[in-house]
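As structure tokens, the structure follows; a few thoughts come after it.
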Amino acid sequence: MEWTKRHLLDLEGLSQEEIELILETAKSFKEVSTRDVKKVPALRGKTIVMLFFEPSTRTRTSFELAAKRLSADTINIAAGGTSTTKGESVLDTARNIEAMNVDLIIVRHASSGVPHLLAKNLQASIVNAGDGCRSHPTQALLDMFTIKERFGRIEGLNVGIVGDILHSRVARSNIIGLTKLGANVTVCGPSTLMPRDIETMGVKCSYRLEEVIEQSDCLMLLRLQLERQTQKFLPSIREYAKEFGVNKAKLAKAKKGIVIMHPGPTNRGVELSAEVADGEYSVILDQVTNGVAIRMAVLYLLLGAKEPAVVLA
Ligand code: CP
């Protein structure tokens with residue numbers, strides 16, 4: 001199939017075939033990062049700006065590496081360094097950046113809908129690097145890539161997503177992507193951190209972690225999004241860790257070959273123990289590695305590169 005989209009705002013807007021095309025394209029890009037010279041000329045002459053209004057380690061770094069490995073020119077702008085601190089709106093800031101003839105803007109913002117607002121008003125391609133509680137499409141894509149790499153498929157797998165479902169853009173994007181690709185998704189967490197209508201998204205809901213651990217091929221653990229919680233949702237972090245934190249003892253009844261995932265940043269001792277984070281089932285660092293390949297694929301497809309995706313070493 002041919003790629004026709006100009007923006008990547010969320011996974012609602014992508015068909016199953018488009019998601020699969022991104023995953024396939026990423027497969028060919030993954031090898032580039034293992035070369036001595038980690039660079040292909042696919043986006044030579046293109047300019048990509050990263051506009052991050054929220055902190056980030058993995059997403060920002062891997063987008064920048066992805067762009068550089070495709071030979072694009074990159075500029076990295078953090079919120080504190082922009083004139084939004086002097087009252088300029090996000091839209092005006094983005095319009096001014098676009099006026100310098102940039103081809104693509106990657107944006108992360110605490111408010112849901114900011115990437116959509118920019119896409120409506122700018123000519124440049126927009127990529128959502130996380131907006132509020134709503135979407136984190138490239139995180140879900142790299143998670144799906146990692147699952148497919150491990151199991152050879154996504155269809156028919158049981159995936160448990162555990163934690164602060166209410167405030168998690170990673171959970172929402174993964175639910176949309178994984179169900180489109182035929183996975184059976186169960187969400188699990190405290191009732192206060194569970195959206196009331198979550199089952200309308202095509203998932204099962206459980207409040208019993210042991211039950212979810214037993215049935216899952218893949219368990220995705222989420223951080224408590226304390227920065228987005230506007231009231232007290234939990235008696236204490238300790239209570240949460242006792243009830244919903246995953247440790248080695250709780251994994252005793254897990255399926256053989258269960259895969260443990262986490263988008264990061266992790267809070268060791270809260271949503272998972274250190275021995276689980278670093279243990280034999282964890283693919284957390286594989287997720288990070290795959291983030292570069294997925295973001296290379298997204299940038300390559302959106303900028304309609306005419307050069308072949310991968311030039312042989
Ligand atoms: N998973 C993720 O979005 O991590 P960062 O906040 O470090 O980008």
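What area, in nm² and to one decimal, does the C-alpha convex hull of region 206-313 cast on average over all directions?
Mean orientational projected area (region 206-313, Cα hull): 10.1 nm².
How large is the charge dipole for the chain, taken about the Cα centre, if only the Cβ atoms of Lys, Arg (+1) and Asp, Glu (-1) carry charge, to the nearest 20 debye?
Details: 40 positive and 36 negative charges, 75 e Å.
The dipole magnitude comes to about 360 debye.
Ranked highest first by the average count of other Cβ atoms within 10 Å around their residues, in what order do 81-94, 285-298 fall?
The packing order, highest mean first, is 285-298, 81-94.
For every helix of n ≥ 4 consecutive DSSP H residues, a contribution of -39,500 (n - 2.57) applies; sum these over the chain, divide by its total residues, and give [θ] at 222 nm rounded to the nearest 500 deg cm²/dmol.
-10500 deg cm²/dmol
Residue farthest toward the positive end of the dipole of the chain, with Cβ of Lys/Arg at +1 and Asp/Glu at -1: which of Cys218, Pro55, Ser89?
Result: Pro55, furthest along the dipole toward the positive end.
How large is the convex hull of the C-alpha atoms of the chain per residue, in Å³?
Each residue corresponds to 136 Å³ of Cα convex hull volume.
In degrees between 0 and 90, to the nearest 10, how far off the longest principal axis of the chain does helix 169-180 point, with axes built from Cα atoms?
90
Place a +1 charge on the Cβ of each Lys and Arg in region 137-283 and a -1 charge on the Cβ of each Asp and Glu, then give the dipole magnitude about the Cα centre in debye, rounded to the nearest 20.
Once rounded to the nearest 20, the dipole reads 80 debye.
Out of Arg169, Arg228, Arg58, any idea which swings most in a Gaussian network model of the chain, alpha carbons joined below 10 Å?
Arg228
Can you figure out the FRET efficiency of Lys242 with Trp3, using R₀ = 45 Å and their beta-carbon distance, to the nearest 0.05?
The pair Lys242/Trp3 has a calculated efficiency of 0.45.
Can you tell me which of Ile105, Ile19, Ile48 moves the most in a GNM of the chain? Springs connect C-alpha atoms under 10 Å apart.
Ile19
Accessible surface of His167 in the full protein assembly, 1.4 angstrom probe, to the nearest 10 Å²?
Rounded to the nearest 10, that gives 10 Å².
Between Val259 and residues 5 or more places away or on another chain, which pairs have amide H atoms under 5 Å apart, with H built 1.01 Å from N, and which residues are they?
Cys218, Leu219
Pairs on different chains or at least eight residues apart, Cα atoms closer than 19 Å: how many lysine pairs in region 118-260 fit?
Lysine pairs satisfying the spacing and distance rule in region 118-260 number 9.
Mind checking the alpha-carbon convex hull of region 1-63 and giving the volume per residue in Å³? Before the final figure, lay out the partial values.
Working: hull volume 8.6 nm³, N = 63.
Expressed per residue, the convex hull around the Cα atoms of region 1-63 is 137 Å³.
Compute the Rg/Rh shape ratio of region 93-177: radius of gyration over Kirkwood radius, all on alpha-carbon atoms.
1.08
Return one whole number: the accessible area per residue of the chain in Å², for a 1.4 Å probe.
Normalised by residue count, the accessible surface of the chain is 45 Å².
If DNA, RNA and ligands are ignored and the probe is 1.4 Å, what is the ranking of Asp197, Asp103 by accessible area, most exposed first? Can you show the working numbers first?
On the way: Asp197 95, Asp103 50 Å².
Putting Asp197, Asp103 in descending order of accessible area: Asp197, Asp103.
Please label the shape of region 51-106 as rounded, prolate or oblate, based on the square roots a ≥ b ≥ c of the eigenvalues of the alpha-carbon gyration tensor (a/c under 1.5 means rounded; beyond that, a/b larger than b/c means prolate, else oblate). Please report the intermediate quantities before stating the final value.
Working: a/c = 3.05, a/b = 1.41, b/c = 2.17.
Taking the square roots of the gyration eigenvalues as a ≥ b ≥ c, region 51-106 is oblate.
Roll a 1.4 angstrom probe over the protein heavy atoms and tell me the percent of accessible area of the chain that is carbon or sulfur. Before the final figure, lay out the partial values.
On the way: 7050 of 13960 Å².
Carbon-and-sulfur percentage of accessible area, whole number: 51.
Which one of Ile77, Ile126, Ile147 has the biggest mean-square fluctuation once the chain is modelled by GNM with Cα springs under 10 Å?
Most flexible of the set in this elastic network: Ile77.
Probe 1.4 Å, all protein chains in place: accessible area of Tyr281 in Å², nearest 10?
Result for Tyr281: roughly 70 Å² accessible.
Roughly how many whole Å is it from the C-alpha centroid of region 258-300 to that of region 1-25?
With region 258-300 and region 1-25 each reduced to a Cα centre, they are spaced 23 Å.
If the viscosity is 1.002 mPa s and the temperature 20 °C, what translational diffusion coefficient in µm²/s does Stokes-Einstein give for region 137-283 when Rh comes from Kirkwood over Cα pairs?
142
The values are calculated or read from the model by the stated rules, or taken from the named source; none is laboratory data. Note that the structure is predicted; figures quoted are calculated from it, not measured. All Cβ positions, even for glycine, are placed from backbone atoms using ideal geometry, and neighbour counts span all protein chains on display. Heavy atoms of the whole protein, side chains included, go into the accessibility calculation; ligands, DNA and RNA do not. Shrake-Rupley method; radii C 1.70, N 1.55, O 1.52, S 1.80 Å.
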